[in-house]
Amino acid sequence: MIVRTCAELVAAAKEVRDEGGTTSQMLATIARMLTNPATPEQYEDVLYVVTGTAAHHFAYEKDTGPTPYPDNATYDDLTPEGQMVVIRHVIFDLGERDKPAETPVTTARTTAAAARYLAIAIDESDSFALGLDGAPLPAHHLVAIAEAEEDTEDCETTLFPLPKIAAILDTGVPLDNDAPALDGLLGRYGWRLFGESGGYPENIEHEVAPINPQTTPPAIEYHDGRPMPYYVAGRKKLDERGSLVDALLVATFTAVQAADPAKRGLDHTGVELLLTSAVRAAVDDRLDFEQILRGNAWLDCKRRLLAAACAAIDTALDVIGERATCRTCDGPAVSRTTDGKPVCANTGH
């Protein structure tokens with residue numbers, strides 16, 4: 001697919017709508033704009049990605065939340081409100097965000113190393129007990145998209161996955177059946193093979209990249225197949241009320257209550273102040289990166305903001321713990337050794 005800005009895709013979709021075009025015609029127009037004129041034979045593949053993206057980001061009604069759109073359904077049966085939900089998600093996922101004026105902050109971000117990801121086939125029912133929203137996962141073949149880290153040994157560099165999960169893709173195929181190939185699955189969920197133009201391999205791991213990096217949420221830390229409890233608590237509140245403020249309050253409160261402030265040489269108020277500052281900075285940074293005003297954030301954007309906030313909480317708790325805990329006896333640290341390690345009042349440590 002070629003790069004088109006969100007503004008270009010919105011203008012084209014509106015032109016089709018204003019002329020009385022159907023939802024299918026609007027999606028087809030978007031697909032044509034994303035197809036490279038030099039390779040028109042790829043139009044059907046691009047259209048498949050466009051309609052698949054719409055299918056996995058559709059909300060039937062305002063209060064029901066995201067609902068997968070059936071493969072045999074007709075997009076033209078959508079209400080005007082539902083139609084714009086579909087079109088907005090497709091454009092946001094597949095279009096390029098308009099570039100802001102160059103600033104020192106933007107330069108710093110563009111030169112920073114981009115996160116790398118591995119797609120990992122999950123064929124064991126107990127590998128992931130809960131999804132990103134804290135709900136039980138079906139007994140299906142799954143594909144986890146995990147952040148990956150380079151490891152160089154004997155002049156050979158390899159990638160290995162971290163316990164940070166950016167997405168869990170459901171193939172819809174029961175574990176009792178043969179595992180399906182990845183063909184088509186990645187594109188429907190907004191991912192592509194890294195460095196390859198065609199063909200999806202069937203091996204258990206493969207490096208992938210988001211089709212639109214700006215819409216990729218920060219990865220969620222997983223332990224024993226479960227996401228962080230404060231993310232689950234905040235996500236539940238967000239899905240219930242749609243309020244990002246309420247979700248952030250619940251997530252922060254849950255993290256503070258689960259912390260052991262005495263172990264960190266702090267009280268609950270001190271931990272709360274540090275976490276609140278980290279959450280605000282993470283949310284503001286994500287909003288600035290996506291060029292979205294806080295009041296204009298819709299539900300999917302709020303979920304990304306919550307993920308960014310919880311990733312900041314996780315990092316802040318690690319930093320607080322390292323700073324305030326003795327490396328030997330886990331007591332409150334009062335100083336550091338010459339190598340920077342924290343120690344407690346017992347100088348023998």
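The values are calculated or read from the model by the stated rules, or taken from the named source; none is laboratory data. In this text, all values refer to a predicted model and were calculated from it rather than measured experimentally. Every residue, glycine as well, gets a Cβ built from its backbone with ideal geometry; the counts of neighbours run over all protein chains shown. To get the accessible areas, we keep the full protein, side chains included, count just its heavy atoms, and leave off ligands, DNA and RNA. Shrake-Rupley method; radii C 1.70, N 1.55, O 1.52, S 1.80 Å.
The table that follows gives values for the structure above.
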| read-out | value |
| --- | --- |
| Positions within the range 25-50 being open to solvent by less than 40 Å² (accessible area, probe 1.4 Å), closer than 19 Å to residue 188 by Cβ and among the hydroxyl-bearing types (Ser, Thr, Tyr), in sequence order | 35 |
| Elements of type helices (runs of 4 or more DSSP H) in the range 1-113, at least 3 residues being at pLDDT 55 or above | 6-18, 23-34, 43-55, 80-94 |
| Of the criteria (1) crowded, with 19+ Cβ neighbours inside 10 Å; (2) modelled with pLDDT under 85; (3) under 20 Å from residue 165 (Cα atoms), which one residue 305 fails | (2) |
| The range 5-24, residues that are buried (at least 16 other Cβ atoms within 10 Å of the Cβ) and among the aliphatic types (A, V, I, L, M) | 9, 10, 12, 13, 16 |
| Selection count where residues are part of a helix (DSSP H, G or I), touching a residue at least 40 places away in the same chain (Cβ under 8 Å) and polar (S, T, N, Q), scope the range 274-321 | 0 |
| Residue within the range 258-273 that is crowded, with 17+ Cβ neighbours inside 10 Å, assigned to a helix (DSSP H, G or I) and at pLDDT 85 or above present | no |
